[in-house]
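First up is the structure itself, then whatever we jot down about it.
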Number of protein chains: 2
Amino acid sequence: MTKIGRVSLVGAGPGDPDLLTRKAFQRLQEADWILYDRLVSDEIQSLFPAHCRTESVGKCAGKPSIKQVDICKRLIQLASSGHTVCRLKGGDPFVFGRGGEELLALQAEGIEVDVVPGITAALGCAASTQIPLTHRGLSQGFTSITAHGARALDHDWHALVALQHTLVFYMGIESAILVQRELLNAGMASTMPVAIVERGTQKNQRVINGCLQDLSALIVRHDVESPALLVIGEVTALPTELALPFEQHFSASAGERIKTPSYQSGIHHLL
Amino acid sequence: MTKIGRVSLVGAGPGDPDLLTRKAFQRLQEADWILYDRLVSDEIQSLFPAHCRTESVGKCAGKPSIKQVDICKRLIQLASSGHTVCRLKGGDPFVFGRGGEELLALQAEGIEVDVVPGITAALGCAASTQIPLTHRGLSQGFTSITAHGARALDHDWHALVALQHTLVFYMGIESAILVQRELLNAGMASTMPVAIVERGTQKNQRVINGCLQDLSALIVRHDVESPALLVIGEVTALPTELALPFEQHFSASAGERIKTPSYQSGIHHLL
C-alpha cells in the first residue's frame, strides 16, 4: 500500500524571511517537496532544507508560465505518490493566492490539506512603512482588492470611495492610471494621500508618498516596479507628518543593523 | 547618560503560538519588559522568557481597565528608563489594534519604535476554517471592519453590500443583530452564506455556518462568545459544499495531533 501524502498550503509572507510564521517554518522543515511561487523571495528560498526537492511554479504576468490547472495536477500527483508537500505562496494563500482553487482540487481527490496563513502584503507593508491600516478618526477599516487582470477592475468604484477607509490595491502598478481615474471619477478627493510601496518589507524597500492626482505620474517618475502595493487613504499621510528624517535601529534577520530612511522629495529609502 | 530604550509594537496573531512570526518571537526574546493585551492567549504568554518583566494592559469591554493614554504613558516611561519593551498586541498592531496611536505617542517623545506585523484574525480564521477570503468567480477582495464601539457602526452599509466581496467583522458578536439588519436593509440577500468563527485558530475553535437571515439567532442558539469573527460572503459556503465530515491530521505546537471536525447541524468543532 502506498504511503499517503499530504499538502500544506503555506503563506510565505511579503518577502522578509523573519515574517514567516513559526508554523510556516515548521512546514518547510517537514516537507520533502516544496513547490513555490515566483514571489517567494531569494532569502526565503535560502531557508529551504537541503534534503527537500524544490520546484518553482511561478506565474509571471505576460510571460509563458505554468497554468493553475497544471499546478493543481502536480500537487495531486506528488501527494498521491506519498510526498509531504509544502506549497509555498507569496503573502497569504487565501488573499489573491488562488489557494482556494488548490484546496478544492486536492480535497476533490481526497488529499489531506492544511492551510498556514501568511503575513499578507497589506500587513507587511503597513508595518514596514509605519502606516496604520486602521486609525481612530481616520479609518475604521480597510479593503484589500486586486487591480490586476482583465475582470479585476470591474469594481464598484463609488462603493470603494464611499467606504471612507483605507484601500489597498495589490498588483496595481500596471493599472495605476485606471485606479486613479476611476477613484477620481467616483468622487475621491484629488488630494487624498497615497503611498506606493515597492518591494515592501525587503531590504531595498522604497516608499513614495503623494496625492491621488499624482499617483500614476509618481509611478512613472520613480520607475516603480512590481511587486508594489498601492495604499490609498488618510492614514498614509501619518508617517510623513512626523519628524522625518528619522533613524531606526532594530535587529533583522542578518543581525543588528541600522536602517536610515532619508526623506527626500517624498521618497523614503529604507536602505 | 541614561541608556536609550526602544519599543517594538508586535502582533501576536490570533492565538495559536505557532502563528507568531519568527520576528515576533525574536522580539519577545530580546525584550526585558513585555506589555501585553488581554487577547494574547495563555499559550503565547507561556512563551514569555523567564527573565522578562511582564504586565497585562488588557482592555476589556464594559469592565474597568487601563486607558489607552495610560498605556502610551507607560510605554514612554519604560523606554525612557532604558528598557527594551515588547508591546504585544492580539492579531496585528495596525488592524484595530490602536498601534498607530501608540506609535505616534512614542515618536512624539523621540522614542525609537519598530512594528512587527501579525496574522490578523481574518487571515488566521480563513486558514483554520479553510475559507478563502478571495476566490475567483466568488470574491475579488475582502473588507475588514469593526462592529464594536459607539461610532463603529457608522458604516456605509450600501457600499459594503455593493462591493460584492467577502466582509469580515471584528468584534461583531454583541452587535450582530445590527450588522444583520443593516446589511439586509442595504439589499444583501437573506440567503447570503455566513460563518461565525469563535476562538479562531485555537484548540477549541468553533465554526458555525448559516445564512445572513439567521446570523444573530445562530449566535444566541449556540451561545457564541467573544472573541469571534463574522465572515459574510459566498466564500463561507465553500467548505460546507465539500464532503464534510473530514479528518485532518497535522502537527501543531504541542506535537502531532489529530483534529477531527465533525459536521453536525452546521457546526464544525475542531477539537
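Backbone phi angles across the range A:195-202, fed through the Karplus curve with coefficients 6.51, -1.76 and 1.60 (θ = phi - 60°), yield HN-Hα couplings of 9, 10, 10, 9, 6, x, 6, 8 Hz in residue order; Gly and Pro are listed as x. Association of chains B and A removes close to 5700 square angstrom of accessible area from solvent, both sides included, for a probe radius of 1.4 Å. Normalised Debye scattering of the range A:116-182 at q = 0.14, 0.22, 0.27 Å⁻¹ gives log10 I(q)/I(0) of -0.47, -1.06, -1.27, counting only Cα atoms as equal scatterers and leaving out solvent. Here the accessible area of the range B:6-119 is 50 percent carbon and sulfur, with a 1.4 angstrom probe and all protein chains present.
With θ taken as phi - 60° and the Karplus curve 6.51 cos²θ - 1.76 cosθ + 1.60 applied, the whole-hertz 3J(HN,Hα) list for the range B:220-227 is 5, 4, 9, 6, 6, 10, 6, x Hz, x standing for glycine and proline. The trypsin sites (Lys or Arg not before Pro) of the range B:76-185 that meet both conditions, a loop assignment by DSSP and at most 10 other Cβ atoms within 10 Å of the site Cβ, are B:151. What separates the residue B:223 label point from its copies, with the point 7 Å along Cα to Cβ, is 6.5 nm, written shortest first. Beta bridges assigned by DSSP with both partners in the range B:1-157 are antiparallel in approximately 10 percent of cases. In loop segments of the range B:1-57 as defined by DSSP, the trypsin sites (Lys or Arg not before Pro) with at most 13 further C-beta atoms inside 10 Å of their C-beta are B:3. Size check on the range B:64-113: the Cα extents along the three principal axes, sorted descending, read 27, 24, 18 Å. For the range A:95-112, a drop of 20 Å² or more in accessible area on going from the chain alone to the assembled protein chains (1.4 Å probe) is found at A:95, A:96, A:98, A:100, A:101, A:103, A:104, A:107, A:112.
Once the convex hull of all Cα atoms in the range A:132-222 is built, its volume per residue stands at 99 Å³.
Considering only Cα-Cα distances, which of the following residue pairs are longer than 28 Å: A:89/B:89; A:89/B:23; A:23/A:203; A:67/B:23?
A:67/B:23
Rounded is the label for the range B:6-119. Its Cα gyration tensor axes, ordered a ≥ b ≥ c, give a/c under 1.5.
For peptide B:19-32, how many partner chain Cβ atoms fall within 10 Å of a residue's Cβ, on average?
Averaged over the peptide's residues, the number is 5.
Summary of the geometry: the range A:63-112 and the range B:107-132, compared by the centres of their Cα atoms, lie 26 Å apart.
The values are calculated or read from the model by the stated rules, or taken from the named source; none is laboratory data. Worth saying up front: this structure is predicted, and the values here are computed from it rather than measured. Note: ideal-geometry Cβ built from the backbone for every residue, glycine included; neighbour counts use all protein chains shown. Accessible surface areas use protein heavy atoms only, side chains included; no ligands, DNA or RNA. Shrake-Rupley method; radii C 1.70, N 1.55, O 1.52, S 1.80 Å.
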